[in-house]
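Heads up: the structure comes next, in structure tokens.
The values are calculated or read from the model by the stated rules, or taken from the named source; none is laboratory data. Computed from a prediction, not measured in an experiment: that's the story for all the values here. Heads up, the Cβs are rebuilt from the backbone with ideal geometry, glycines too, and the neighbour counts pull from every protein chain shown.
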Amino acid sequence: MLDLLWLIPALPFAGFLLLTLAGRLPRAVIAGIGCGTVGVGAIFSLLLCHRFLTAPPPDHAFTQSLWTWFDVAGLAPGIAFHLDALSLVMISVITGVGFLIHVYSAEYMRDDEGFQRFFAFLNLFVGFMLVLVLADNFVLLLLGWEGVGLCSYLLIGFWYREPANGAAARKAFVVTRIGDTALLLGLFLLFASLGTLHFQEAFAAASLAWEPGSGLAVAAALLILGGAVGKSAQLPLQTWLPDAMAGPTPVSALIHAATMVTAGVYLIARCHVLFELAPAVLLVVAIVGAATLLTAGFSALVQHDIKRVLAYSTISQLGYMFLALGVGAWSAAMFHFVTHALFKALLFLAAGALILALHHEQDMRKMGGLRHKLPAVFWTFLIGSVSLAALPLIGSGFYSKEKILWDVWISPLGGPAFWAVGVAGAVVTALYTFRMVFLVFFGESRGARVEHRPGPAVLAVLVILAVFSTFAGGIELPHTFGHVTFFSDFLDTALASLVVLPPGLDAELWALLLVASALVLAGAGVAWWLYGKRTQTSDTMGAAPPRDPLLRFWFAGWGFDAVYDTLLVRPYQFLARRNRRDLVDLGPVFIAALARGLHTLLSETQTGRLRWYASVLVAGTLVLLLLAFAQ
């Protein structure tokens, strides 16, 4: 069974090639290829999970080397896949949630003229993401890393005829390239210092060669963190993600739930050995996560576009994962990754069904009263919202977020300050989540009319995700709830957590749980008071732009776009205009001028006179004959 590991990434690539090269195909065939290749990968992932649980390989890891990619100056990376608990969790979520998104897309995109191109891009995206998480060396990881960046550009700008969509795709591509450059520099540093880019060899060499806190360890960890910050949309490179909503809603679900934005979380978890050698950088990771989860949460409070609320929510939840990584709570971060993939995919896909039903209306100020008109969408959206808001004992999000908060409290790298930030973020999350629920589904209709109802495929996907979002938290229960540690025990075979629960903290943990839960319920209650009970009042947190300067500041994403536009974009555009005729342009300009000149000369020979053409033909023939006889 393990020998078939290569099929999991190969199948989506095969689907991409079929859809790209086969010419125009019937839509049913397109959907079958697109969904089937990822679905078979999901089945293989489940079988591998069963194998790892019942008969794990030696050292709980398996490496499959296919061939050597290249061999230059001592660098010989292989096309090789490494399967352990961490990568198994990743591929299970990517293929499982990815398959459901493909099935949903078959109905959601059925009337789009680019149906075949869309599924080709989706398959390519999933294939590159699987390469990223299965790679056994940094070079192959970089191939998957850049591949998902390319596919994000293609999918965000899928409806390319709208200039704003193309601009959003370019923005995502350029901003993430900043982090990618840092990652590439980090790989140069690792190879120059350690002589290898194979994961296990590099980590072993780093543990021997570098003392904890050494300059090289700190530099390498910081550069890798730069790559993770760009891909996972953390401060200060978070600006691309809200604009990525320009793509079709299934793309938003795929990018924001299970794939691209979690690549940074995976990278830090995979490189945990390097980060443990740089405790100062781990502190930076925690600070970045804490700052991001709060700032993005406040921005989500004032958005009126339902997809932008979910986008800022994704940034905030990724901030929780970074906070957990920063205090060494690896299993808590990955547990929240799993639950977040489920409930955020559910929320995006339910929002997509809602948007399609309202003839592509996304403004929550024009919605209202939809729980009676779209009951299935309402209940599934509510289930996802309950998990996102981490309401006590309901939904998987509560258990994963509470695990992060507990681990932050007891970790030697965490403490009360980080815990307080996490709890504050949870309160804000409850507030903006239920603001969204009350504005969309309660009160009176504010103009949007239901013109389309979701079909069976969409409803089936929503129900499946709702079930998983409700019960997935059962794989990891806190010490006070029976101490079920199935997930963390499994993940410890690849990621040994730095957080150990001291004995005798039951009362303290109960107190933390009750305080956090009470505050989250209070946040939900405030949302009900402002947007549920007082439905006729003006939505002061939903105006565009808000009247209050602070709310307007949050609405604009804390001004990051304005700062980057002023300091970077406009100066660059000014210099480009002023330097329009620089030396670099002389070559292309000369080639273009030469082509135009030759075209002019040749066009002069096209007179339209048959006698002239015949004369030239005879003359040319004579010249060829003379040349032949001369030889």
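Which pairs have Cβ atoms under 6 Å, sit 6 or more apart or on different chains, and link a residue in the range 447-467 that is on the phi < 0 side of the Ramachandran plot to one that is loosely packed, with under 14 Cβ neighbours inside 10 Å and not in a helix (DSSP H, G or I)?
Matching pairs, first to second residue: Glu451/His359.
Of all residues in the range 98-112, how many are surrounded by fewer than 24 Cβ atoms within 10 Å (Cβ to Cβ) and under 16 Å from Leu465 (Cα atoms)?
Counting residues in the range 98-112 that are surrounded by fewer than 24 Cβ atoms within 10 Å (Cβ to Cβ) and under 16 Å from Leu465 (Cα atoms) gives 2.
Against the conditions (1) within 20 Å of Arg435 (Cα to Cα); (2) without any contact (Cβ under 8 Å) to a residue 40 or more places away in the chain, where does Gly415 fall short? Just the number, please.
Here Gly415 meets the rest and fails (1).
Table: residues versus (1) within 19 Å of the chain's Cα centre (by Cα); (2) small (Gly, Ala, Ser); (3) farther than 20 Å from Leu7 by Cβ; (4) not in a helix (DSSP H, G or I).
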{"residue": "Gln116", "(1), (2), (3), (4)": "no, no, yes, no"}
{"residue": "Leu124", "(1), (2), (3), (4)": "yes, no, no, no"}
{"residue": "Val133", "(1), (2), (3), (4)": "yes, no, no, no"}
{"residue": "Val175", "(1), (2), (3), (4)": "yes, no, yes, no"}
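Go through (1) outside any helix (DSSP H, G or I); (2) buried (at least 18 other Cβ atoms within 10 Å of the Cβ); (3) in contact with a helix residue (DSSP H, G or I) (Cβ under 6 Å, 6 or more places away or on another chain) for Val408 and report which single condition fails.
Against the list (1) outside any helix (DSSP H, G or I); (2) buried (at least 18 other Cβ atoms within 10 Å of the Cβ); (3) in contact with a helix residue (DSSP H, G or I) (Cβ under 6 Å, 6 or more places away or on another chain), Val408 comes up short only on (1).
Looking at Leu225, Leu183, Leu189 in this structure, which one is at pLDDT 95 or above and either more than 22 Å from Thr292 (Cβ to Cβ) or out of contact with any helix residue (DSSP H, G or I) (no Cβ under 8 Å at 6 or more places or on another chain) (or both)? Break it down into steps so the answer makes sense when it comes.
On the way: Leu225 fails: either more than 22 Å from Thr292 (Cβ to Cβ) or out of contact with any helix residue (DSSP H, G or I) (no Cβ under 8 Å at 6 or more places or on another chain) (or both); Leu183 fails: either more than 22 Å from Thr292 (Cβ to Cβ) or out of contact with any helix residue (DSSP H, G or I) (no Cβ under 8 Å at 6 or more places or on another chain) (or both).
Exactly one residue qualifies, and that residue is Leu189.
Looking at Met334, Met245, Met321 in this structure, which one is in contact with a strand residue (DSSP E or B) (Cβ under 8 Å, 6 or more places away or on another chain) and closer than 22 Å to Gly384 by Cα? I'd like the intermediate steps shown before the answer.
Details: Met334 fails: in contact with a strand residue (DSSP E or B) (Cβ under 8 Å, 6 or more places away or on another chain); Met321 fails: in contact with a strand residue (DSSP E or B) (Cβ under 8 Å, 6 or more places away or on another chain).
The match here is Met245.
In this structure, does Gly608 turn out to be farther than 30 Å from Val175 by Cβ and part of a helix (DSSP H, G or I)? Steps first, answer last, please.
Values: farther than 30 Å from Val175 by Cβ: yes; part of a helix (DSSP H, G or I): no.
Considered against the rule, which asks whether it is farther than 30 Å from Val175 by Cβ and part of a helix (DSSP H, G or I), Gly608 comes out as no.
Name every residue in the range 202-225 that is exposed (fewer than 14 other Cβ atoms within 10 Å of the Cβ) and of a type outside the set (A, V, I, L, M), in order of residue number. Can you show your working first?
Step one: of the range 202-225, the residues exposed (fewer than 14 other Cβ atoms within 10 Å of the Cβ) are 208, 211-213, 215.
Those that are exposed (fewer than 14 other Cβ atoms within 10 Å of the Cβ) and of a type outside the set (A, V, I, L, M): Glu211, Pro212, Gly213, Gly215.
Being closer than 16 Å to Ala345 by Cβ and at pLDDT below 95 narrows it down to one of Tyr104, Tyr108, so name that one.
Values: Tyr104 fails: at pLDDT below 95.
One residue alone meets the criteria, Tyr108.
State which residue is surrounded by the most Cβ atoms within 10 Å (Cβ to Cβ) when the search covers only the range 485-511 and only residues that are more than 31 Å from the chain's Cα centre (by Cα) and in a helix (DSSP H, G or I). Before you say what the answer is, go through the steps one by one.
Step one: of the range 485-511, the residues more than 31 Å from the chain's Cα centre (by Cα) are 501-511.
From the residues that got through so far, the ones that are in a helix (DSSP H, G or I) too are 506-511.
Numbers: Asp506: 10, Ala507: 9, Glu508: 14, Leu509: 19, Trp510: 13, Ala511: 11.
So the residue we want is Leu509.
How about the range 23-78: which of its residues are within 27 Å of Thr196 (Cβ to Cβ), assigned to a loop (DSSP other than H, G, I, E, B) and either not acidic (Asp, Glu) or not assigned by TED's automatic domain parsing to the domain that holds Leu2 (or both)?
Listed by number, the residues that qualify are Pro56, Pro57, Ala61, Trp69, Phe70, Ala73, Gly74, Ala76, Pro77.
Whether any residue in the range 89-104 is in contact with a Lys or Arg (Cβ under 7 Å, 6 or more places away or on another chain) and either free of Cβ contacts under 8 Å to residues at least 12 places away in the same chain or outside any strand (DSSP E or B) (or both) is what I want to check.
To start, the set of residues in the range 89-104 that are in contact with a Lys or Arg (Cβ under 7 Å, 6 or more places away or on another chain) comprises none.
No, the conditions are met nowhere in the range 89-104.
Mind checking which residues of the range 131-167 are farther than 21 Å from Ala61 by Cβ and in contact with a Gly (Cβ under 7 Å, 6 or more places away or on another chain)?
Leu155, Ile156, Gly157, Phe158, Tyr160, Asn165, Gly166, listed by residue number.
With the condition kept exactly as written, say whether any residue in the range 463-475 is modelled with pLDDT of 95 or more, crowded, with 21+ Cβ neighbours inside 10 Å, closer than 24 Å to Leu347 by Cβ and among the aliphatic types (A, V, I, L, M).
Yes, because at least one residue in the range 463-475 is modelled with pLDDT of 95 or more, crowded, with 21+ Cβ neighbours inside 10 Å, closer than 24 Å to Leu347 by Cβ and among the aliphatic types (A, V, I, L, M).
Pairs only if they're at least six apart or on different chains, beta carbon under 6 angstrom, first in the range 475-489 and more than 17 Å from Leu514 (Cβ to Cβ), second aromatic (Phe, Trp, Tyr) and not in a loop (DSSP other than H, G, I, E, B); list them, first residue then second.
Pairs that qualify, where the first residue is more than 17 Å from Leu514 (Cβ to Cβ) and the partner is aromatic (Phe, Trp, Tyr) and not in a loop (DSSP other than H, G, I, E, B), are Ile475/Phe486; Ile475/Phe487; Glu476/Phe335; Glu476/Phe487; Phe487/Phe335.
Evaluate the range 300-308: report whether one residue or more is touching a strand residue (DSSP E or B) at 6+ places or on another chain (Cβ under 8 Å) and surrounded by fewer than 24 Cβ atoms within 10 Å (Cβ to Cβ).
Taking every residue of the range 300-308 in turn, at least one turns out to be touching a strand residue (DSSP E or B) at 6+ places or on another chain (Cβ under 8 Å) and surrounded by fewer than 24 Cβ atoms within 10 Å (Cβ to Cβ).
Name the residues in the range 25-73 that are surrounded by 12 or more Cβ atoms within 10 Å (Cβ to Cβ) and of a type in the set (D, E, K, R), would you?
Residues satisfying the conditions are Arg27, Arg51.
Against the definition (under 30 Å from Asp84 (Cβ atoms), touching a residue at least 60 places away in the same chain (Cβ under 8 Å) and either in contact with a Ser or Thr (Cβ under 6 Å, 6 or more places away or on another chain) or among the charged types (D, E, K, R) (or both)), how does Leu318 come out, yes or no?
Details: under 30 Å from Asp84 (Cβ atoms): yes; touching a residue at least 60 places away in the same chain (Cβ under 8 Å): yes; either in contact with a Ser or Thr (Cβ under 6 Å, 6 or more places away or on another chain) or among the charged types (D, E, K, R) (or both): yes.
When the stated conditions are applied, Leu318 passes them.
Step by step: first the residues of the range 545-559, then only those that are modelled with pLDDT under 90 and touching a helix residue (DSSP H, G or I) at 6+ places or on another chain (Cβ under 7 Å), then the one that is surrounded by the most Cβ atoms within 10 Å (Cβ to Cβ). Which residue is that?
Among them, the one singled out is Pro546.
Would you mind finding the one in Ala376, Ala357, Ala333 that is crowded, with 24+ Cβ neighbours inside 10 Å and not charged (D, E, K, R)? I'd like the intermediate steps shown before the answer.
Values: Ala376 fails: crowded, with 24+ Cβ neighbours inside 10 Å; Ala357 fails: crowded, with 24+ Cβ neighbours inside 10 Å.
Residue meeting the stated conditions: Ala333.
Only one of (1) modelled with pLDDT of 95 or more; (2) in contact with a Gly (Cβ under 8 Å, 6 or more places away or on another chain) is not met by Leu66, so which one is it?
With (1) modelled with pLDDT of 95 or more; (2) in contact with a Gly (Cβ under 8 Å, 6 or more places away or on another chain) applied to Leu66, the lone miss is (1).
From the set of residues in the range 349-368 that are of a type outside the set (A, V, I, L, M) and in a loop (DSSP other than H, G, I, E, B), which is farthest from the chain's Cα centre (by Cα)?
Taking the range 349-368 as the starting set, the residues that turn out to be of a type outside the set (A, V, I, L, M) are 352, 359-363, 365-366, 368.
With in a loop (DSSP other than H, G, I, E, B) added as a condition, the list becomes 359-362, 368.
Working: His359: 26, His360: 23, Glu361: 24, Gln362: 21, Gly368: 30 Å.
The extreme case among them is Gly368.
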